[in-house]
Amino acid sequence: MTEQIKIIETKNWKGRVILILLIIAALVFGWFSISWQIGNMLAALTPANQPNARTIADFAHGLSPRDPITNWLKANIEKDTFSPQSLDNAAAYMEEAVRYAPLDYRYWLELGRAYEQNENYEKAEKAFLRAAAVAPNYSNVHWHIGNYYLRRGQETEAFAALGKSAETSAVYREQVFSVVWEYFEKDKTKLEQLAGEKSDIRAGLAKFYAAKELPEDSLRIWNTLTEQDKTRNQDIARLIAQALYDKRFYRSGIEFVRQLGIEPQATAETVQNGGFEAQIAVDAKDAFFGWKYSKKDRVEINTDPMKKKEGNKSLRVTFNGFTGIEIKNLLQIVTVEPNKKYRLNFWLKTENLKSAGTPAFEIVNANDEKIITVGAAFPNETQDWTLTAIEFTAPPNAEAIAIRLDRAYCGDACPIVGTFWVDDFKLEKIN
């Protein structure tokens, strides 16, 4: 194929005219292209609340009047003036924005809000629904539509839109729950009606109830899920378990901990790993209802397979001249019922234990950290295995108690040396 190259002859007047026209066209195109880019950039970088925003918006719009973002900026400046004329102007500029970008749902949402501010509710609804038609799977679209219908008092339509938002986005889900919770004055029936039967939404609702300090409702909703759904939503369950534990709703929290398999043997009113057959956690953040301890200088804590009262192990604590005023580095949270009487039994053995302030176990209200009672201080010198008991009554506000190791006060620099072993902790309710 022979390629033909056409050469414009500039020596005759026709060629010169064509060349001039091409140069003019290029200049015009370049000017409009550059002005559009400048207008677009200025509008995109200018907040509507900036002091000189109106001047910049007028200049940007003058450079690029058919750019949706310059019309959007003009509309936002107008609507913040709050006069009838400015609200009309805002709607008019947003109409221009959607005219030049009809497939951008964001401009349709802005147009809906502009119409709503102008009390043109019929047009507002149409604009919002147009946004949903353009972006049917976007959670924030349904979120804005649902809020619009709530403001209009159209609960059925609001529920439908907010339900779609909650269904498609975990982020918007919590916002939807909060809006419905406040709008219907903390009506659980309305909230659970919105959640429906979808497992992901109900798992999110269980988390919402936990955050609102409604542990029984959180557990109730969680237990409506199938085992498969619970497994699929384990990340949420961990958040719920941590939230309930942190907020000291221990009786509900222990159910999540057990179901998650974090501490599968965790049981209410029971000392976990009372015989120390399993290892105990060191500074473990995921240890909820088992033994846990923190390291202290001159204090060694280990399980001991050589000396035990029951089973295969005991817990050995050795002091190498520890002089701290308090120990408080070994504890376990145990759920209890308020106003009930209990007895904590355990076996104790000491060897060369010497101090003016020997160790002791104290029973602490886990809900307010107030000491309920303190057991007898451990005996000095050496003593074989001895059954020890501490009786107490759980306070009215207690969901759990903490069994915590401490010592009798004997001054600011009172050393402890020697070793003790404990084994076979059991908690029993006294009738």
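The values are calculated or read from the model by the stated rules, or taken from the named source; none is laboratory data. Here the structure is a predicted model, which means the values were calculated and not measured. Every residue, glycine as well, gets a Cβ built from its backbone with ideal geometry; the counts of neighbours run over all protein chains shown.
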Those residues of the range 342-376 which are exposed (fewer than 15 other Cβ atoms within 10 Å of the Cβ) and outside any strand (DSSP E or B) amount to ALA356, ASP368, GLU369, LYS370, ALA376
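Listed here are the residues, each with its yes/no results for (1) within 38 Å of the chain's Cα centre (by Cα); (2) basic (Lys, Arg).
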site	(1), (2)
SER86	no, no
ALA92	no, no
TYR100	no, no
ARG106	yes, yes
GLU110	yes, no
TYR115	yes, no
ASN118	yes, no
LYS123	yes, yes
ALA127	yes, no
Could you grab me the full set of residues in the range 306-322 that are over 11 Å from GLY418 (Cα atoms) and buried (at least 20 other Cβ atoms within 10 Å of the Cβ)?
-> LYS308, LYS313, SER314, LEU315
Looking at ILE201, is it buried (at least 16 other Cβ atoms within 10 Å of the Cβ), at negative phi and either at pLDDT below 90 or in contact with a His (Cβ under 6 Å, 6 or more places away or on another chain) (or both)?
-> no
Only one of THR168, THR156 is assigned by TED's automatic domain parsing to the domain that holds SER86 and under 22 Å from LEU103 (Cβ atoms); which?
-> THR168
Tally of residues being under 39 Å from the mean Cα position of the chain (by Cα) and either outside any loop (DSSP other than H, G, I, E, B) or farther than 28 Å from ILE254 by Cβ (or both) across the range 398-422 | 8
Which one is nearest to HIS144 (Cα to Cα), of the residues in the range 180-198 that are surrounded by 15 or more Cβ atoms within 10 Å (Cβ to Cβ) and under 22 Å from the mean Cα position of the chain (by Cα)?
-> VAL180
THR419: passes all of (1) modelled with pLDDT under 95; (2) of a type in the set (Ser, Thr, Tyr); (3) under 26 Å from THR303 (Cα atoms) but (1)
Output the residue which, of all residues in the range 204-232 that are free of Cβ contacts under 8 Å to residues at least 24 places away in the same chain and among the charged types (D, E, K, R), is surrounded by the fewest Cβ atoms within 10 Å (Cβ to Cβ).
-> GLU227
Considering only the range 280-299, state which residues are surrounded by fewer than 18 Cβ atoms within 10 Å (Cβ to Cβ) and either under 13 Å from LEU405 (Cβ atoms) or modelled with pLDDT under 90 (or both).
-> ALA281, VAL282, ASP283, ALA284, LYS285, ASP286, SER294, LYS296
Hits in the range 136-168 (condition: outside any helix (DSSP H, G or I) and under 20 Å from ASP104 (Cα atoms)) = PRO136, ASN137, TYR138
Exactly one of (1) in contact with a helix residue (DSSP H, G or I) (Cβ under 9 Å, 6 or more places away or on another chain); (2) without any contact (Cβ under 8 Å) to a residue 24 or more places away in the chain is unmet by GLU399. Its number?
-> (2)
